[in-house]
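Step one of this worksheet: look at the structure below.
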Amino acid sequence: MFLESNYTEQFEKVDNHTKHLLEVALQGIPPLGAALTYECFEDLYAADANRDCVFVVEEGAIGHQQDGKTLFHYDAGDLVGMTQGVEMPRAKYYAESPVLLRPYNRDALWAAAMANTDKAREWGTYLIAEWGRQTAVIAAIEPEVDRTSLGFQTFKPGETIIQEGTESDTVYSIVEGHAEVFVNNIKVGEVLEDEIFGALSLLTNSPRTATVIADVRCLVMVVPRHQFETMIKNHPRICLSLMENMARQIVSLNKQVTAAKNP
């Protein structure tokens, strides 16, 4: 994905991170057929043959237009058309130069994405990153937006990302770096790149259960409650996957806390 203006080094990192997560999520899912070549098009989904498909851009660029305004362009490694099959404002995708697109059947892709817990977790992580990336796009288009809510924050070593006992209104994922997890000032674990954390408090409407502190400089994706809730409502299997993952983490944390108190 690229912008016609305000393209920053931080956005480039987030963009590359999101594409990597998509590549991981697509592993093991076969495309609908051979890649398709288009010289150009005014509306990708005007053709009946494309209406049930999503596409991964292999070469070239596709403009994303909403209400007659081009917001950004997809490029190699991006997924196009996931929202075409749901009740959302319809985007227009166009290409002014040759593109090579790898097609997937939308329903078959979703079935494969939700086939098991691990695959659902991979897609959940990708979707959260994609929402964060598009939030950064909105921030670039609307410079007056509050910079504290753009979707990404940087934390220095030793800075607190989450404070135990505080109220929760965001979910996090580390794009670069890693952090340490503490419960009652006892280190109980770590958060590595691509891991989602902070979701338990939102799902249970309870205070934060642990403190998370940056161990090195961290670039962190921040997903507001309303975006996270939208994802959970639209893709409930992802919610189950997250809860299973968090349940395992809780069991592990409890064992570590018990061991620390009873050496």
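The values are calculated or read from the model by the stated rules, or taken from the named source; none is laboratory data. Only a predicted model underlies this, so the values are computations on that prediction, with no experimental measurement involved. Every residue, glycine as well, gets a Cβ built from its backbone with ideal geometry; the counts of neighbours run over all protein chains shown.
Tally time: how many residues in the stretch 5-57 are surrounded by fewer than 15 Cβ atoms within 10 Å (Cβ to Cβ), of a type in the set (D, E, K, R) and either outside any loop (DSSP other than H, G, I, E, B) or without any contact (Cβ under 8 Å) to a residue 40 or more places away in the chain (or both)?
Count: 6.
Kindly provide the set of residues from the stretch 193-221 that are touching a Gly at 6+ places or on another chain (Cβ under 9 Å) and assigned to a loop (DSSP other than H, G, I, E, B), ordered by number.
Selection gives GLU193, PRO207, ARG208, THR209, ALA210, ASP215, VAL216, ARG217.
Got a sec? Which of THR211, THR204, THR166, THR170 is of a type in the set (Ser, Thr, Tyr) and touching a Phe, Trp or Tyr at 6+ places or on another chain (Cβ under 7 Å)?
Step by step, each of THR211, THR204, THR166, THR170 is checked, and only THR211 is of a type in the set (Ser, Thr, Tyr) and touching a Phe, Trp or Tyr at 6+ places or on another chain (Cβ under 7 Å).
Table: residues versus (1) out of contact with any Cys (no Cβ under 8 Å at 6 or more places or on another chain); (2) among the basic types (Lys, Arg); (3) not assigned by TED's automatic domain parsing to the domain that holds LEU22.
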| residue | (1), (2), (3) |
| --- | --- |
| VAL80 | yes, no, no |
| ARG90 | yes, yes, no |
| SER97 | no, no, no |
| TYR126 | yes, no, yes |
| GLY132 | yes, no, yes |
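Given the criteria out of contact with any strand residue (DSSP E or B) (no Cβ under 6 Å at 6 or more places or on another chain), crowded, with 16+ Cβ neighbours inside 10 Å, over 30 Å from ALA214 (Cα atoms) and modelled with pLDDT of 90 or more, does ALA112 qualify?
Yes; evaluated as a whole, the condition is true for this residue.
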